[in-house]
Amino acid sequence: DTGVSQNPRHKITKRGQNVTFRCDPISEHNRLYWYRQTLGQGPEFLTYFQNEAQLEKSRLLSDRFSAERPKGSFSTLEIQRTEQGDSAMYLCASSPGDREASGYTFGSGTRLTVV
Amino acid sequence: AQTVTQSQPEMSVQEAETVTLSCTYDTSESNYYLFWYKQPPSRQMILVIRQEAYKQQNATENRFSVNFQKAAKSFSLKISDSQLGDTAMYFCAFKLGQGAQKLVFGQGTRLTINP
């Protein structure tokens, strides 16, 4: 297992376009998380899945954002009608479900630039 | 809501010195977990050390140790014999126990190790 994989690494898009990011977690991890990190700040929680169920969504996740994890494996995060304020690093992480003290394993992130 | 505060935006030390990064948090709960993550430049975030709140003994991982003061809600990270590879952003993070999944991060401390 090569860890948490995120694609693409970088995305530049024009304002108003839709973008989709993909995350492949560690295969035996049943929990998957999306975070957003702006420059010089700590990551902010967006949403998380246990298997295919989306169990919590942040108020940061406006109606332009949608996340899915259709088969409890990989996940996608879509942003519709992108705005310049969406420019950030989008981080995906996963964790095993049976160890409460475990931290997350993070991917390398997708850096979104909206021009 | 839980909050995490890192009061040192930047720190810089010479190689081989010892450095301590500060973190305070706010919660009314007694069961929780604390973490320090390292994010090297342009690389993914990795877990450095974790502490369970119910454990009185401070966690240690090689050159990394914590000073956990539960009553003061303080969780500092000490890096001994610092190395050039320790240069990174360091984030303190908090997670409630009892099945909670969301990690709450501080703003980060940019640590530079100088040769």
(request) Report, by residue number, each residue of segment B:28-54 that is surrounded by fewer than 13 Cβ atoms within 10 Å (Cβ to Cβ) and more than 9 Å from chain A (Cβ to nearest Cβ). (result) B:S28, B:E29, B:S30, B:P41, B:Y54
(message) Of the residues B:S76, B:S65, only one is buried (at least 16 other Cβ atoms within 10 Å of the Cβ), under 10 Å from the mean Cα position of the chain (by Cα), farther than 14 Å from B:F91 by Cβ and more than 9 Å from every other protein chain (Cβ to nearest Cβ); which?
(response) B:S65
(request) Give the residues of segment A:32-76 that are within 14 Å of another protein chain (Cβ to nearest Cβ), aliphatic (A, V, I, L, M) and under 29 Å from B:A88 (Cβ atoms), sorted by residue number. (result) A:L32, A:L39, A:L46, A:L60, A:L61
(message) Can you report the number of residues in segment A:74-115 which are under 15 Å from A:V4 (Cα atoms) and not in a strand (DSSP E or B)?
(response) 7
(message) When the residues of segment A:1-31 are narrowed to those that are facing another protein chain (nearest Cβ under 10 Å) and not in a loop (DSSP other than H, G, I, E, B), which ends up surrounded by the fewest Cβ atoms within 10 Å (Cβ to Cβ)?
(response) A:R31
(message) For the list (1) more than 9 Å from chain A (Cβ to nearest Cβ); (2) without any contact (Cβ under 8 Å) to a residue 24 or more places away in the chain; (3) within 26 Å of A:Q6 (Cα to Cα), I need the number of the one condition that B:K102 fails.
(response) (1)
(message) Yes or no: segment B:10-19 includes at least one residue that is free of Cβ contacts under 8 Å to residues at least 60 places away in the same chain and either over 16 Å from A:P43 (Cβ atoms) or out of contact with any Asp or Glu (no Cβ under 6 Å at 6 or more places or on another chain) (or both).
(response) no
(message) For B:K95, only one of the following conditions fails: (1) crowded, with 19+ Cβ neighbours inside 10 Å; (2) over 14 Å from B:L21 (Cβ atoms); (3) more than 14 Å from chain A (Cβ to nearest Cβ). What is its number?
(response) (3)
(request) Test each condition in (1) within 25 Å of A:S108 (Cα to Cα); (2) modelled with pLDDT under 95; (3) of a type in the set (F, W, Y) for B:Y32 and report the one that comes out false. (result) (1)
(message) If I ask for residues that are under 22 Å from B:S82 (Cβ atoms) and surrounded by fewer than 17 Cβ atoms within 10 Å (Cβ to Cβ), which ones from segment B:15-27 would you list?
(response) B:E15, B:A16, B:E17, B:T18, B:T20
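The values are calculated or read from the model by the stated rules, or taken from the named source; none is laboratory data. Treat the numbers as computed from the prediction; the structure is a model and nothing was measured. Positions of Cβ are generated from backbone atoms using ideal geometry, with glycine treated the same way; all protein chains shown enter the neighbour counts.
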